[in-house]
Every structure is written in C-alpha cells, then in structure tokens.
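J.: Would you mind keeping the following structure in view while I ask a few things?
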Amino acid sequence: DTEVQRYLEAAVVDTLPRLEKTNRLEQLQTAAIVTQRANGEVAALVGGRDPEDAGFNRAVEAVRPIGSLYKPVVYLTALEKPQRYTAGTLLKDSAIHLKNAVGDVWTPKNYDGKEHGLVPLHQALAESYNLATVRLGLDVGVVNTVQTLRRLGVNRRLEPYPSLLLGSGEMSLLDVAQLYQTLADEGFVTP
C-alpha cells in the first residue's frame with residue numbers, strides 16, 4: 001500500500017534523528033512491518049534506516065531475542081486449559097531460582113525489581129510480570145509454549161529453555177509479525 005509505505009518511511013526519517021539526538025546515539029537502525037489484519041498481506045515494510053538501501057533487510061533477515069513479545073504465547077498456552085487457568089487465576093509472582101545441567105543458576109527478576117505476591121493472571125500479563133510468567137510457563141511446559149507458537153504460524157526453531165518464557169529466543173521481525181497477525185485475526189493463521 002503506497003500510502004502506508006510512505007507514512008512508514010516518513011516515520012523512520014522523522015523519528016531516528018530525534019532518538020539519536022535525545023539519547024546521544026549514532027546511526028540507529030530500524031525495521032518495521034505493517035500487515036492487513038484481515039488477510040495478512042504486508043501493507044508496508046522498512047528494512048533499515050534508508051528505505052532506498054537494497055542491502056541487509058532487518059525486517060526479514062535480522063534475528064534478535066524478542067523479550068516480552070513472547071509472553072502472550074505463554075499465557076495463551078495456559079488459557080487453552082480453561083479447567084486449570086482463567087483470566088482470574090491467581091499466579092505467584094515471587095522469586096525463583098533455576099539450576100541448569102551444569103549447575104549455573106538463573107534468577108529472573110521483574111523489571112521493577114519487586115515481587116508482587118499473588119496476582120490474577122490477567123494482571124500478570126498486563127503488567128508483564130516476569131516472575132509470574134516464568135512460573136506459569138514452567139507449569140504449562142516450555143515445550144508446550146513452543147507448540148503454541150507453531151500453531152500461531154511461526155516455524156523458527158527455538159530451544160525450549162526456561163529463559164525462552166521471557167523471550168530469549170531469537171526471531172525475525174517477520175516472525176513476530178506472523179505471531180501477532182494470528183493473534184489480531186482471532187487465531188486464524190494467515191501466512
């Protein structure tokens with residue numbers, strides 16, 4: 001969609017210099033994909049700072065840890081078991097320490113550094129509480145969250161380590177667009 005593409009490119013040209021100046025950064029890069037909710041078509045795509053550059057396309061080729069963008073996958077996996085989880089189910093948002101096979105300990109923390117005790121599932125998702133998410137993801141099974149991701153249309157290989165629950169898995173922007181396209185289209189996978 002040429003109009004959407006024009007607006008997206010203008011946003012890049014306008015926003016990056018302001019971010020660089022405000023944060024004293026140099027040569028930021030970006031990527032963005034806009035899709036049509038109803039049919040999954042890509043309406044606009046920017047793969048870097050310069051839309052005219054035919055080089056590395058960050059929207060399609062770059063892979064990065066997706067962080068909290070993975071959390072809805074964890075919560076959806078839980079909510080697919082309505083006999084066990086509902087939006088009001090209380091989750092424990094408290095410290096957790098996990099030891100891997102070589103004895104290293106992973107101790108995730110919430111962004112605010114606090115523990116919030118028992119919180120309803122909907123609040124844990126809305127507030128993006130890491131500790132509640134990890135506990136929930138371990139309870140439903142990390143492998144099951146990866147299976148949910150596959151059903152949402154993302155086929156990238158991800159290792160089912162507990163840290164995946166907080167988005168340590170690397171995905172492309174196109175993968176993330178696919179994930180959220182399916183969520184936005186009420187669960188209908190439209191590649």
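J.: Please report the carbon-and-sulfur percent of the accessible area for the chain; probe 1.4 Å, protein heavy atoms only, DNA, RNA and ligands left out. Write out the running numbers ahead of the final one.
T.: Working: 5960 of 11240 Å².
Carbon-and-sulfur percentage of accessible area, whole number: 53.
J.: How do 166-176, 89-99, 8-18 rank on mean C-beta neighbours within 10 Å, highest first?
T.: Values: 166-176: 20.5, 89-99: 15.3, 8-18: 13.6.
With the highest mean Cβ count within 10 Å placed first, the list reads 166-176, 89-99, 8-18.
J.: In deg cm²/dmol and to the nearest 500, what is the mean residue ellipticity at 222 nm of the chain if only DSSP H runs of at least 4 residues count, each as -39500 (n - 2.57), divided by the residue total?
T.: Working: 6 runs with 70 residues, N = 191.
Helix-only estimate at 222 nm: -11500 deg cm²/dmol.
J.: On to the next question. Relative to the compact-globule scaling 2.2 N^0.38 Å, provide the ratio for the alpha-carbon radius of gyration of segment 1-146.
T.: It is 1.36.
J.: Under 16 Å from the Cα of LYS114, which aspartates and glutamates turn up, not counting those fewer than eight places away in the same chain?
T.: Straight-distance partners of LYS114: ASP93, GLU127.
J.: Using the crude model of +1 on Lys and Arg Cβ and -1 on Asp and Glu Cβ, and no other charge, please compute the dipole size for the chain relative to its Cα centre, in debye to 20. Don't jump to the answer; show the numbers that get you there.
T.: On the way: 20 positive and 23 negative charges, 154 e Å.
Magnitude of the dipole: close to 740 debye.
J.: For segment 50-112, with every protein chain kept in place, what is the accessible area per residue (1.4 Å probe, Å²)?
T.: 64 Å²
J.: Here's something else I'd like to know. Got a sec? Charge dipole of the chain, +1 on Cβ for Lys and Arg, -1 for Asp and Glu; which of SER94, LEU173, ASN110 is way out at the positive end?
T.: Most positive-ward Cα: SER94.
The values are calculated or read from the model by the stated rules, or taken from the named source; none is laboratory data. Here the structure is a predicted model, which means the values were calculated and not measured. Quick reminder, even Gly has a Cβ in these numbers, built from the backbone with ideal geometry, and neighbours come from all protein chains shown. Keep in mind that these areas ignore ligands, DNA and RNA; they rest on the heavy atoms of the full protein, side chains included. Shrake-Rupley method; radii C 1.70, N 1.55, O 1.52, S 1.80 Å.
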